[in-house]
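Only one structure is covered here, and it is reproduced in the block below.
The values are calculated or read from the model by the stated rules, or taken from the named source; none is laboratory data. Keep in mind that what you see is a predicted model, and the values were worked out from it rather than measured. Quick reminder, even Gly has a Cβ in these numbers, built from the backbone with ideal geometry, and neighbours come from all protein chains shown.
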Amino acid sequence: MSKTVLVTGGGRGIGAAISRLAAQRGYAVCLNYANAAAPAEALAEEIRATGGRAFAHRADVSKAEEVEALFAAVERDLGTPCALVNNGGIAGRISRLDEADPAEIRRIIDVNVMGTILCARAAVRRMSTRHGGRGGTIVNISSVAATLGSPGDYVWYAASKAAVDGFTIGLAKEVAREGIRVNAVAPGMTATDIHEASGDAGRLERIGKTVPIGRHAQPEEIAWPVLWLMSDEARYVTGEILRVGGGR
């Protein structure tokens, strides 16, 4: 049976590593993006060039109508997804809370929390045996920030990821007997462009040195645990937050 996965934020960073590895393991891949069309389209073409099935689709996951259009496109072009990776997320500019822009805080909550919830809702409506589906798996991308709090950096981002953790646990219990497993991976300091976008390009190297394992992670090191959670090897694992932070 063919396997289809939808990866939100699938064209860059951790999402790109997940998309590429999923394709290598036989999944047809929909790479969702919000703004960065070029890298998503390029990765989809790369996957197709190596014999895989992939396409890129723009959608703002914080908007219910765009999420529904996204899932409709996946079903039309690749078939009903058996896996969803809620990777799309933003952090915003680094600052103290009392100096942060409320509009930026709202946007981060909308994308990171509402986006995860809306995409999971759409997936459950298609995967759940209650709705005539065949089951499936959802992996939400959280962050070690959910428990560290990110003081002085972006406590609102940490709060959004703590919400993802709570949502993961609750949804896993809600749909456990409907053929759906729901887990999360909480990456630590990882080499992506989120740090430069936050206004502190040196943060990766500076904090990476303080990680117990002695370095920051590469995106592929986050993708491997995600694909494991999607696999049959993890078929008895649900409602878990897998911390992949090098000991941090």
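Kindly check whether there is at least one residue in segment 34-48 that is farther than 24 Å from Ile90 by Cα, without any contact (Cβ under 8 Å) to a residue 12 or more places away in the chain and more than 14 Å from the chain's Cα centre (by Cα). Full working, then the answer.
At the first step, the residues of segment 34-48 found to be farther than 24 Å from Ile90 by Cα are 45-48.
Within this subset, residues satisfying the condition of being without any contact (Cβ under 8 Å) to a residue 12 or more places away in the chain are 45, 48.
Still in the list and also more than 14 Å from the chain's Cα centre (by Cα): 45, 48.
Checked against the condition, which is being farther than 24 Å from Ile90 by Cα, without any contact (Cβ under 8 Å) to a residue 12 or more places away in the chain and more than 14 Å from the chain's Cα centre (by Cα), segment 34-48 yields at least one hit.
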- Message: Quick check on my filter: what residues within segment 222-248 are hydroxyl-bearing (Ser, Thr, Tyr) and surrounded by 18 or more Cβ atoms within 10 Å (Cβ to Cβ)?
- Response: Thr238
- Message: within 30 Å of Lys173 (Cβ to Cβ), at pLDDT 85 or above, of a type in the set (A, V, I, L, M, F, W, C) and in a loop (DSSP other than H, G, I, E, B): is that true of Val211 in this structure?
- Response: no
- Message: I'm trying to understand the selection: among the residues of segment 143-160, which are of a type outside the set (S, T, N, Q), free of Cβ contacts under 8 Å to residues at least 60 places away in the same chain and in a loop (DSSP other than H, G, I, E, B)?
- Response: Gly149, Pro151, Gly152, Asp153
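Restricting attention to segment 77-120, and to residues there that are part of a loop (DSSP other than H, G, I, E, B) and aliphatic (A, V, I, L, M), which single residue is nearest to the chain's Cα centre (by Cα)?
First, the residues of segment 77-120 that are part of a loop (DSSP other than H, G, I, E, B): 78-82, 87-96, 100-101.
Now narrow it down to the ones that are aliphatic (A, V, I, L, M): 78, 90-91, 94, 100.
Working: Leu78: 20, Ile90: 11, Ala91: 13, Ile94: 21, Ala100: 25 Å.
The selected residue is Ile90.
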- Scanning segment 93-118 for residues that are closer than 24 Å to Gly170 by Cα and among the basic types (Lys, Arg), which turns out surrounded by the fewest Cβ atoms within 10 Å (Cβ to Cβ)? Arg106
- Inspect segment 216-224 for any residue being under 15 Å from the mean Cα position of the chain (by Cα), closer than 27 Å to Val124 by Cα and of a type in the set (Gly, Ala, Ser) and give the result as yes or no. yes
- Being in a strand (DSSP E or B), closer than 20 Å to Pro151 by Cα and either at pLDDT 95 or above or out of contact with any strand residue (DSSP E or B) (no Cβ under 7 Å at 6 or more places or on another chain) (or both) narrows it down to one of Ala186, Ala201, Ala163, so name that one. Ala186
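Check segment 192-210 and report whether any residue there is of a type outside the set (S, T, N, Q), farther than 18 Å from Pro81 by Cα and crowded, with 21+ Cβ neighbours inside 10 Å. Please lay out each step first, then the result.
Step one: filter segment 192-210 for residues of a type outside the set (S, T, N, Q), giving 193-197, 199-209.
Right, trim to farther than 18 Å from Pro81 by Cα and you get 193-197, 199-209.
Now narrow it down to the ones that are crowded, with 21+ Cβ neighbours inside 10 Å: 195.
Yes: segment 192-210 contains one or more residues that are of a type outside the set (S, T, N, Q), farther than 18 Å from Pro81 by Cα and crowded, with 21+ Cβ neighbours inside 10 Å.
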